[in-house]
Each structure stands twice: as structure tokens, then as C-alpha cells.
Amino acid sequence: MTPTVVLTQVYLKLPNRMYKHTQHCHYNTICGLSARSEYFYNALVNKKRNVVQNKLSVVDFEPSDFELVVHYIYTAQDCFRTVHECCVGLYAGDRFGMADIKSKCSRRLCNHMRNDSSTAPLIVRFIDRFDSRDKNLFIYDEANDIIRRNYQSIINSETVKTYERETMEQLLEMSIEGDVPEIDVFRALIKWATSECIRMERDTVPEEVRQVCGDMLRLVRFPLITFDELGTEVMQSGLLSDKHMALLLGRAYNPSIEVPFIMEKRQSAAPNRQVITITIGSLHSQTGRLTMLFTFPMCCT
């Protein structure tokens, strides 16, 4: 049963556990939420939004995440620093109509991505999860562009170990700019799956790692891996069946052999950029003579 907590005359339903701030904020919290958000004003004051039997459900927030939003409103202390906290603030800004939080968190997420490209997949996954792509199209496109341009450094980073399964799957499905050795993708998947086994307190033997990888193994483009790498790393990992290994090794001598793996390169088509020249000048009102001031080239997609 989902616990409910009382905020003055309105109950706030949060999943998993009791809301911690209720003992010492009460009426002030309602005033703060209502003053900063039309959503909460209509819900807590006018009771016009999703209030049933004096209860308001906030089912798409974990209590600890919602506490960040309330803490910011109630104390004015800046509590959106990490990638996760900024993602929470970004979604709260959309969800509850708080432009100041959204603006602050948008800037910080962009800075996080530019300073550490391995955070970009986390941001893409968060936006996808809450279906807020249209509202945050700039950040979403920026994050995907950073992933495509920095794919190799991302899959080689230690942050890969912390990705959720859906995040890792999205990363393996992506097309990229440039050329990345597919063996690096395979190593990243093993690194992630081994970390997942440890997190779930399972053995890190090949059978367990293979089970954790599941269908994601088919997202690795094994036909792009060199013959030597197939024989040394892929075969020794024990993740592929003998049948699949025989097909892949045989294909090195007979390219017509069909294998149940993607064979196309990850490299996406380069953007079609054109260079145009823009001339800035002034037109004399009487003589009609154009006076050139300066000219510069500009790339456009």
C-alpha cells in the first residue's frame, strides 16, 4: 500500500516511504509550493487538480527526489548539483511549472556533459523515461550529439559500470560519428555485465555474465571484430556459443557466411554542411551604392 502523508488539509501520496518533511514544514510548505507553482496552487489551494478525497498523488517521483524540490522551495538552498539531482530539477520544472529550477538545472546539465561526456547517456535515458523529450529538445539533442562524437571515450570510461540496463542498451544501439573498434564495445559490455553480477551478488563466471547480457549480445557487431580479436578475446570470454564462434571465424575466410549479428558499421552519415558567405554592408539611400563593411563564412547544416 502506498503511504500517505498530511500537509495541512491535503494528503500527498508518495511511493515507498513516508515523506520526511511533514513534521516541520506543514503550512509553510504548502505556501511555498503554491507560490512557486501553478500546479500546486491549483492542487493544494483550489483543489482543482488530481485531488481525490483530499489526497494528491505524486506517483512519478521517488520521495527522496521530491524532497529535493521541496527543500529548494522551503529553504532556498541550492541542492541541484549532481547529474541525477539536476535531472530531477529539470523534470520538476516541467512537471510543476517552475521555470527557475528548470533553467538552473538545464545549464548545469549542459556543463556536466561538456566536462564529462559519459554523463550524456544518463541524461538521454532520464529524459526518455519521463517522456519529456519535446520539452527539453535542446538538451536531448545536445546529449545525443555528445554521445555520437565521444562514443569511444564513453564506452571506455568507468562510468559505464554504473549505467542502468536500459541506458546500456541505448548506447549499444546508437550510430556514431567516426570509427570505433567494435572490440571496445564488446569490452564495455563485459565490464558493465560483470559489474551488474557483482551488484546482484552473482558469480562473474561466463554463464552468469551471459545471462546478464541477454539480448544485448546481439547488439555487438561481431563481424566487425578482427579475426585475431575474435580468437583471443571473444572466444576466451565464453560468452558466445561454439556455433556462433564457428560461424564468425569461418566468415573470415568466406564472407558469404551469414551470421545472426549486425554487420553494418556504426558510423552514421556525416551531416551535410554547406559553407555560405555572408556580407554585411549598408545601402546609400540616394546613390544606391552598397558600402561593404565585412564578409565572413558560416557553416550551416
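The values are calculated or read from the model by the stated rules, or taken from the named source; none is laboratory data. Only a predicted model underlies this, so the values are computations on that prediction, with no experimental measurement involved. Ideal geometry is used to build each Cβ from the backbone, glycine not excepted, and the neighbour counts take in all protein chains shown.
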- request: Look at residue 145 and say whether it is among the acidic types (Asp, Glu), in a loop (DSSP other than H, G, I, E, B) and exposed (fewer than 15 other Cβ atoms within 10 Å of the Cβ).
  value: no
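Considering only the stretch 250-265, state which residues are in contact (Cβ under 8 Å) with a residue 40 or more places away in the chain and surrounded by fewer than 12 Cβ atoms within 10 Å (Cβ to Cβ). Let's see the steps before the verdict.
Narrowing the stretch 250-265 to residues in contact (Cβ under 8 Å) with a residue 40 or more places away in the chain: 260-265.
Within the stretch 250-265, 260, 264 meet the criteria.
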query: Out of (1) part of a helix (DSSP H, G or I); (2) under 30 Å from residue 141 (Cα atoms), the odd one out for residue 230 is which?
result: (2)
query: So which residues in the stretch 188-205 are surrounded by fewer than 19 Cβ atoms within 10 Å (Cβ to Cβ) and not aliphatic (A, V, I, L, M)?
result: 191, 194, 195, 197, 199, 201, 202, 203, 204
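Is it the case, given these coordinates, that residue 185 is β-branched (Val, Ile, Thr) and modelled with pLDDT of 95 or more?
Considered against the rule, which asks whether it is β-branched (Val, Ile, Thr) and modelled with pLDDT of 95 or more, residue 185 comes out as yes.
Assess whether residue 60 counts as being over 16 Å from the mean Cα position of the chain (by Cα), modelled with pLDDT under 85 and farther than 30 Å from residue 172 by Cβ.
Details: over 16 Å from the mean Cα position of the chain (by Cα): yes; modelled with pLDDT under 85: yes; farther than 30 Å from residue 172 by Cβ: no.
In short, no.
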- prompt: How about the stretch 197-244: which of its residues are in contact with a Leu (Cβ under 9 Å, 6 or more places away or on another chain) and in contact (Cβ under 8 Å) with a residue 40 or more places away in the chain?
  reply: 216, 219, 220, 222, 223, 225, 234, 239
- prompt: Hey, among the residues in the stretch 206-249 that are charged (D, E, K, R), surrounded by fewer than 17 Cβ atoms within 10 Å (Cβ to Cβ) and under 29 Å from the mean Cα position of the chain (by Cα), which one's nearest to residue 175 (Cα to Cα)?
  reply: 218
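Looking for whichever is surrounded by fewer than 20 Cβ atoms within 10 Å (Cβ to Cβ), in a helix (DSSP H, G or I) and touching a residue at least 12 places away in the same chain (Cβ under 8 Å) here; the options are 87, 110. Which one fits?
The unique qualifying residue is 110.
For the stretch 160-191, how many residues meet the condition of being assigned to a helix (DSSP H, G or I) and over 20 Å from the mean Cα position of the chain (by Cα)? Explain how you work it out, then say what you get.
Going through the stretch 160-191, the residues assigned to a helix (DSSP H, G or I) turn out to be 160-162, 165-173, 182-191.
Filter again for over 20 Å from the mean Cα position of the chain (by Cα), leaving 182-184, 186-187, 190.
Summing the residues that are assigned to a helix (DSSP H, G or I) and over 20 Å from the mean Cα position of the chain (by Cα) in the stretch 160-191 gives 6.
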task: Identify all residues within the stretch 192-222 that are β-branched (Val, Ile, Thr), more than 16 Å from residue 234 (Cβ to Cβ) and part of a helix (DSSP H, G or I); write none if there are none.
output: 198, 212
